[in-house]
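Take a look at the structure below.
Just so it is clear, none of the values below were taken in a lab; they were calculated from the coordinates. Note that the structure is a prediction, hence the values are computed from the model and not measured. Cβ: placed from backbone, ideal geometry, glycine included. Neighbour counts: every protein chain shown.
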Amino acid sequence: MVAEMAHIFLTDAQEMTPSVREEEHADYFAMLVTRARAGDALAFERIMLATEQRVVSIAWRMLGNRDDAHDAAQEVYLRVFKYLARFRAGEDFRGWLYRITINVCHDFARKKRLAGLTQFEEIDLGQEGAAFEAAGRDGDPENLALHAQQLALLRRALQSLPMKERAALVLRDLEGFTTEEVARVLGSRPVTVRSQVSSARAKIKTYCDKLLRKRVG
Amino acid sequence: MRKTNCKRMKKVMSLYIAGDLVGEPEREAASHLATCDGCRQLASEFAEGSSLLTQACAQPDFGGEFYAGIRSAVLKEISHYRVPSKPSIFGRRWLYAASLAAAIIASGVMLQYRRSAPETPQGLASNSPVTDRPTSGPAKGADPSLSPQLLESPRSSRRSRRPAVVREPDALNPTGTARDDRKEIAPAIGALTAGGPAASESATLSGQSASSSSRAASSSEVSRIEIQTANANIRIIWLSPRDSRKSEESNHDQDPENGDRN
């Protein structure tokens, strides 16, 4: 059955995305990992094709800009390849992959801190355009500007969070994982994740409230 | 009471908004929100904030080239090396573990060796002018006709390169102390020293025990051990036939004649 699935999936990697059920995903990844371990570069490319969007998304949300997300995604796949032999059969491959992604983002953030680059300066403002577009549908330029400001503020607030809380919030609220899934990825307990997410939300709200009050004042 | 509820509500508000509260806590929060305007206001702010955060961090479309760039860079990089199918047995971690195991085994063997080696006699070790050497000439007072060849055994010459006392205390006594044996050895020493030329050459060492002299007669090689005791006036000289060492050891208690005392 696995062989048949391999044939189906490998003939067209696009077919296996969200419609395929969870256990089939697991079998699919198990087969790809086995082949990649044996040195099959094509299988490894399939793994990248199937997971790159999520990896880049997590990296971009964690790091706040496109270039870092690109470099981080690259580093993630290099680490995955390097440590593929350590991946245990039966383990959730994507959980393992996202854990590596979070770890790589931690490392990048730490390097930036050591290099003295504050993340606020680095935040990608390319999204302002999209925000303007969304708000511009109302037609009011004042509303549009205010909305764009709010979004920029929220991104900064996210980047100001401690790494663990940021990871929990990104995975839970932005990537849409369940609390249990987040706990598995982060290697902690669901109750810890709930606490981290709750704390992160409260901090973001406090951060935004303070800045807004300052500006009004 | 109401204040306490509001305080508790603030703590769990974000969880309630995200649907993380279940069962009794959720019902409690819902009933509180229905009656408290302040908390309702807070809940709406949290909900708005959550929605805005999702908007703010909506992933942009990076385009196919962006992803293709990542893939090609990774594939280019990994083409240089292969994935090890299993963690290598010669990996650094294994190497450390093997070295540690070898060190433990070696120290265990050393310890065992040191325990099995007999202890140095206490009173004698301090001065330790102890020799375990094959006699190069006739012993003092022994038959001068005894040639060095007769006295020197191959085993003793081999041993003479090593420290003496550690190997031979059983020649004094099995417990490693010379204390009581001195009395027993004394007559034998006397016999040896007094024997002189009168002693039979075939017997090599004339002792008081007939059995031992016949054994000595059968063996043509003798080794000589001199031990200087703590008292400078007392020196113990032990002459023993070498080829029947085992049987001599077993009869040691009955055969303490091969000694000399100055």
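Using 0.36 nm per residue and subtracting the Cα-Cα separation, the extra length available between A:Ala30 and A:Thr178 on full extension is 51.0 nm. Across peptide B:63-75, the mean count of Cβ atoms from other chains lying within 10 Å of each residue's own Cβ comes to 5.
The residues A:Ser57, B:Ser240, when put in order of fewest to most other Cβ atoms within 10 Å, stand as A:Ser57, B:Ser240. For the peptide A:164-173, the mean number of other protein chain Cβ atoms found within 10 angstrom of a residue's Cβ is 1. Take each residue of peptide A:191-198, count the partner chain Cβ atoms within 10 Å of its Cβ, and average: the result is 3.
Listed peptides B:65-75, A:41-51 appear in the order A:41-51, B:65-75 once ranked by packing, highest mean of other Cβ atoms within 10 Å at the front.
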